[in-house]
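Here is the structure we will look at, set down as structure tokens.
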């Protein structure tokens, strides 16, 4: 299944915004490591936060900051699925399709979202609000089926819950149904 | 009340426990550190951990104290501790709970490990998707630093340990220790050829120890209650302590259950996890994460310790137990896991890179009822040519779902192929060919 953010954008090279805008944060990140290159993934995340995805311009700028060549940055960026090299929707819905989630209905969840949003995994809605991706295990097998939307986990999904989450995101940009910290098994709630 | 004493999950099971520094201190947190740093020699800490019998909780089960002992004694330069928090093994979700619910327990373990191995820097390599976990850890590190538990001159002992959180970016292979180090160095997470081992040539080519979250979280308890106490739990002498077992799949109450090693799968599934979700009987289970071969109901009384599970033909691995009920297609289950491994192969080694693609295509063909009997030989042949022929253990892991389902449920593959053959017989073109 194609990941929506895995192909390079058409952005031009040469833009320098990260250093000016996040100079202090970049210094703090660099201070954590004795070798500059270790800051590469954190800086790519910074670029992704700024633009919504990692642009070629940002990769070139990061290469300069870390004294690397642009291909060195590119070869790392292309390895990791969380670094989007192309724009994704405002809300990136990533549904776990691994065996543990599939045993308890993740395929139904994906099917339900496809129906509700009219997009297949790898696609973005016309309004740019939602991108759907089917991903592999997200370490929430005990509360399956689950999905991650941007930074947040949503667990023990049902069709009703998915409907509510999508409606919340449309109207408020966030949903109170996001979970965490780690959800307890039904029988193991402290004090229960 | 649970009939077994909880160790790692004990604090967080208390009503109102938030995992804050104040909460952790109230439960006796950081006392082990106070009683150890500068008071017990680092080599004695290592000896204590060796005596406890603690083995790595990440999957391989290597004795922790022994691993620490491999670091060169006379090396004067920097050493590093890397906490492997890249929990990505399908079926496994214990480290996430340990980090999100009781972060200071892990931090105390990290400082104790750093003290034992003489490291001044520790990196928690947490899987990128766990944004919440990384925020919780960063907040906890801030609290611990302000209280003098982390940083320069910890508790006035002259000992320095700094801890940083480093988020991965979505790659299962980075849970392999050398791939983790490559990733932490800002590169593609490709496993390194071993030897040399991280103990001598690790992060930045310096002596390094990589330990799993659950392993490190055990340290404060071992040091405060003694190695004999720890060694008395579980299945001594080789599988000591408790284990946080992750139960998922067709059970009534999936979740994490901390139990002494050696508990049977029957007890774990039917007493703790509430038994089967429906009235259908258990058909299959995986005892140690996606890399562990499938087992059958005949193995329900196998003890969940390193040796017993290995003797039954599987492995305890990460402690992730996935349960499947009667009616689940084993070919489908193996295919789902195979798709995971195909997606996550890093591509460094040809047998794994090419083989995973070939395996998944063959499996998809069989599942779609377009298979032939010859495909079963192809699968077996491919598996034999992948396992043991790659730089890391990923190759062995990716063949285990297919090999074990072929071993126990070969008839399901055969049925699908027979159905494919039957369907082919009535194809018009097949009829024409015969005439």
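The values are calculated or read from the model by the stated rules, or taken from the named source; none is laboratory data. None of the values given here were measured: they were computed from a predicted structure. FYI the Cβ positions are ideal-geometry reconstructions off the backbone, even for glycines, and counts take in every protein chain you see.
Take residues that are more than 9 Å from chain A (Cβ to nearest Cβ), crowded, with 18+ Cβ neighbours inside 10 Å and touching a residue at least 40 places away in the same chain (Cβ under 8 Å) and tell me which of the helices (runs of 4 or more DSSP H) falling wholly in segment B:158-249 contain 3 or more.
Qualifying helices (runs of 4 or more DSSP H): B:177-184, B:213-225.
Which residue out of A:99, A:157 is over 20 Å from the mean Cα position of the chain (by Cα), within 29 Å of residue B:175 (Cα to Cα) and without any contact (Cβ under 8 Å) to a residue 60 or more places away in the chain?
From the options A:99, A:157, the qualifying one is A:99.
How many residues are touching a helix residue (DSSP H, G or I) at 6+ places or on another chain (Cβ under 7 Å) and closer than 27 Å to residue B:191 by Cα if we restrict to segment A:51-71?
11
Kindly list, by first and then second residue, each pair from a residue in segment B:85-105 that is more than 9 Å from chain A (Cβ to nearest Cβ) and closer than 11 Å to residue B:130 by Cα to a residue that is at pLDDT 95 or above and assigned to a loop (DSSP other than H, G, I, E, B), limited to pairs with Cβ atoms under 6 Å and residues at least 6 apart or on different chains.
B:86/B:127; B:86/B:168
Give me a count of the residues in segment A:63-84 that are assigned to a helix (DSSP H, G or I), facing another protein chain (nearest Cβ under 10 Å) and more than 18 Å from the chain's Cα centre (by Cα).
4
Take the conditions crowded, with 24+ Cβ neighbours inside 10 Å, under 18 Å from the mean Cα position of the chain (by Cα), at positive phi and within 14 Å of another protein chain (Cβ to nearest Cβ) and apply them to residue B:289. Does it pass?
In short, yes.
Check segment B:296-316 and report whether any residue there is under 18 Å from residue A:139 (Cα atoms) and within 13 Å of another protein chain (Cβ to nearest Cβ).
Checked against the condition, which is being under 18 Å from residue A:139 (Cα atoms) and within 13 Å of another protein chain (Cβ to nearest Cβ), segment B:296-316 yields no hits at all.
Among the residues that make up segment B:60-73, is at least one of them within 27 Å of residue B:272 (Cβ to Cβ), within 14 Å of chain A (Cβ to nearest Cβ) and modelled with pLDDT of 95 or more?
Scanning segment B:60-73, I find no residue that is within 27 Å of residue B:272 (Cβ to Cβ), within 14 Å of chain A (Cβ to nearest Cβ) and modelled with pLDDT of 95 or more, so the answer is no.
Filter segment A:29-38 down to residues that are more than 7 Å from chain B (Cβ to nearest Cβ) and part of a helix (DSSP H, G or I) and give me whichever is nearest to residue A:84 (Cα to Cα).
By that ranking, first place goes to A:29.
Can you give me the number of residues within segment B:250-262 that are under 18 Å from the mean Cα position of the chain (by Cα) and either free of Cβ contacts under 8 Å to residues at least 12 places away in the same chain or assigned to a loop (DSSP other than H, G, I, E, B) (or both)?
Residues meeting the conditions: 3.
Looking at segment A:29-50 only, could you name the residues that are more than 24 Å from residue B:206 (Cβ to Cβ), surrounded by fewer than 18 Cβ atoms within 10 Å (Cβ to Cβ) and in contact with a helix residue (DSSP H, G or I) (Cβ under 7 Å, 6 or more places away or on another chain)?
Matches in segment A:29-50: A:50 only.
So in segment A:44-62, with the set limited to residues that are assigned to a helix (DSSP H, G or I) and within 11 Å of chain B (Cβ to nearest Cβ), which one is nearest to residue A:19 (Cα to Cα)?
Step by step, filter segment A:44-62, then rank; the result is A:62.
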